[in-house]
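The values are calculated or read from the model by the stated rules, or taken from the named source; none is laboratory data. These numbers were taken from a predicted model, which means no experiment stands behind them. Using ideal geometry, Cβ is built from the backbone for each residue, glycine included, and neighbour counts are taken over all protein chains shown.
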Amino acid sequence: MKPQAAIRTLSATTLALGVALAGAQGVDPARQAELVRVVRQDCGSCHGMRLTGGLGPALTREAMADKPVDSTVATIFHGRPGTPMPGWRLMLSEVEARWIAERLIAGFPEEPRR
Amino acid sequence: MMRRRECLAGLAAIAATGCASMAPSIGTGDLGVVVERASGRLAFVNTTSRTVLGEVDGLGDLSHASVVFSRDGANAYVFGRDGALSKVNLLTRRIEARVMQAGNSIGGAISQDGALVAAQNYTPGGVKVFDARTLALVADLPAEYAPGRLSRVVGLADLPGRRFIYALFDADQIWIADLADAARPVITKFENIGRQPYDALVTPDGRHYVAGLFGEDGLALIDLWQDKPVARRILAGYGRGEQPLPVYKMPHLRGWAVAGRQAYLPAIGRHEVLVVDTETWQQVARIPVAGQPVFVIARPDGRQVWVNFAVPDYHRVQVIDTLTQQVQRTLEPGRAVLHMEFTPRGEAVWISSRDNDRVSVIDTRSFATLAELKVDAPSGIFFTSRAARIGF
């Protein structure tokens, strides 16, 4: 298998695993795909498309390793006063914010190649 | 097609031997590049034929990539998020030089004489200056505002005379680096300019530097023509008493909108464009728009100002009539509009729609779509006419 194909398969597997994990938490697969895109692309305008940081801090698995889930959810949902981090509650449910927080801590999925 | 490519590849060699008459006559005035942010590629475009000419890849992480041009318009300097600075030739469509100069970078500028290219960095916070020809490091200017503390740098712009001006997000300062003698850069510092400058612009005449503030309602202004320039606050408290709206993307000030004697600036946390008189620096109007403005850009003649928006309103683009100071048109050119660039004299504007993998070319008088180009997740669009403009 070519490395690229392997990565693609791996991403697909990661995504499938994500789907299985989150099924019980009420974020359906189509919405999950949207959320992956929102995080990579829109959160990416401050945190970097590869989540390596920018005006906002890095959100890579290494950077998130010691971050508690609940405070991460709160940051996503309500924002952080005094910093440019806005609350995303107009665009996300709290369940979705938790889904994102958990995946950031675990290492965020890549977007599937379009 | 093949023959053309060989010709292009041979250009440098022909030029070197001095056989100018043999060289195909290709100017650079109607060329440009479009950043394909997701794939680390740059697409080369022609604004006369409205076509994609080719691509170059291997440019790394191009989220938030920006570009400046050499004076001859033949080279694009590409600043990548991952700290890479690449010099790309628009005629050969090849990377001529590339350095990893930082861990996290946000953009750059080129000196008035075209000799120096400067990159502004978040990590490590500061500015690095390079020889525009070779990309050899000329000066390293850490933004060390307190012992061991480096600020993220924003709003870097060129000033006349091998000088660069920039703002320190974490230190509430603006610095000017004078590289007349590159071995001994002289830094002039302006302190307490306002909380959290997030981006800045230099006016087209090079006289005024305006920094937007995230941490308070207002902007910082420096009149650079004065013998002893000072930073002062303008539009202080422009949104006083109102609950700020969430800012899902920071506005960009570069690519200024100065039309006549009016400057059009994105408000922050308000769905408004602020209009400022550049003689008095007083606010003269606030124009309600469709979302948090990101780019507020004047057509080169100043007759219109085009505005795009942060998520979730980034499927819209609005056009402000600068005589009536009202929105005259709302367009929906595609999903996730990230950038707009005018052709050199403004008869058309190119608009990137990231989620449609499309760049739309729109007539600025009739608003008709003149062409749609397929480009992979396009973000920034940069035409070589920038080479001749201060602050670009």
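Listing for the model above:
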{"item": "Matching residues in segment B:178-195 - criterion: being surrounded by fewer than 21 Cβ atoms within 10 Å (Cβ to Cβ) and touching a strand residue (DSSP E or B) at 6+ places or on another chain (Cβ under 7 Å)", "result": "B:D178, B:A182, B:P185, B:V186, B:I187, B:T188, B:K189, B:E191, B:R195"}
{"item": "Residue satisfying all of: in segment B:101-160; of a type in the set (S, T, Y) and either surrounded by fewer than 23 Cβ atoms within 10 Å (Cβ to Cβ) or more than 19 Å from B:Y198 (Cβ to Cβ) (or both); nearest to the other protein chains (Cβ to nearest Cβ) among these", "result": "B:T123"}
{"item": "Breaking point among (1) of a type in the set (A, V, I, L, M); (2) crowded, with 24+ Cβ neighbours inside 10 Å; (3) within 14 Å of chain A (Cβ to nearest Cβ), for B:A84", "result": "(2)"}
{"item": "Selection count where residues are over 11 Å from B:F295 (Cα atoms) and either crowded, with 19+ Cβ neighbours inside 10 Å or touching a Pro at 6+ places or on another chain (Cβ under 6 Å) (or both), scope segment B:240-266", "result": "7"}
{"item": "Candidate set: segment B:208-226, residues that are at pLDDT 95 or above and surrounded by fewer than 17 Cβ atoms within 10 Å (Cβ to Cβ); chosen: the one farthest from the chain's Cα centre (by Cα)", "result": "B:Q226"}
{"item": "Unmet criterion (only one of (1) over 18 Å from the mean Cα position of the chain (by Cα); (2) within 14 Å of another protein chain (Cβ to nearest Cβ)) for B:D277", "result": "(2)"}
{"item": "Residues located in segment B:317-370, provided they are assigned to a strand (DSSP E or B) and of a type in the set (G, A, S)", "result": "B:A348, B:S352, B:S353, B:S360"}
{"item": "Filtered residues of segment B:96-154 (kept if among the basic types (K, R) and touching a Lys or Arg at 6+ places or on another chain (Cβ under 9 Å))", "result": "B:R98, B:R133"}
{"item": "Scope segment B:161-174; condition surrounded by fewer than 23 Cβ atoms within 10 Å (Cβ to Cβ) and either away from chain A (no Cβ under 14 Å) or touching a residue at least 60 places away in the same chain (Cβ under 8 Å) (or both); matching residues", "result": "B:G161, B:R162, B:R163, B:Q173"}
{"item": "Residue check for B:L201: away from every other protein chain (no Cβ under 14 Å), part of a strand (DSSP E or B) and within 30 Å of A:D42 (Cβ to Cβ)", "result": "yes"}
{"item": "Considering residues of segment B:69-81 that are hydrophobic (A, V, I, L, M, F, W, C), crowded, with 24+ Cβ neighbours inside 10 Å and more than 14 Å from chain A (Cβ to nearest Cβ) only, the residue nearest to B:L338 (Cα to Cα)", "result": "B:V78"}
{"item": "Among (1) away from chain A (no Cβ under 14 Å); (2) over 16 Å from B:D301 (Cα atoms); (3) not polar (S, T, N, Q), the one test that B:R354 misses", "result": "(1)"}
{"item": "Residue tally, condition modelled with pLDDT of 95 or more and either within 10 Å of chain A (Cβ to nearest Cβ) or not in a strand (DSSP E or B) (or both), over segment B:249-273", "result": "1"}
{"item": "Output for segment B:269-315, where each listed residue is closer than 28 Å to B:W225 by Cα and β-branched (V, I, T)", "result": "B:V273, B:V275, B:V276, B:T278, B:T280, B:V284, B:V296, B:I297, B:V305"}
{"item": "Test: residue in segment B:133-146 that is among the basic types (K, R), at negative phi and not in a loop (DSSP other than H, G, I, E, B)", "result": "no"}
{"item": "Contacts under 7 angstrom Cβ, first residue in segment B:220-249 being touching a residue at least 40 places away in the same chain (Cβ under 8 Å), partner surrounded by 18 or more Cβ atoms within 10 Å (Cβ to Cβ) and among the hydroxyl-bearing types (S, T, Y), 6 or more apart", "result": "B:I222/B:Y209; B:L224/B:Y209; B:K249/A:S45"}
{"item": "Which numbered condition B:A310 misses (of (1) on the phi < 0 side of the Ramachandran plot; (2) among the small types (G, A, S); (3) away from chain A (no Cβ under 13 Å))", "result": "(3)"}
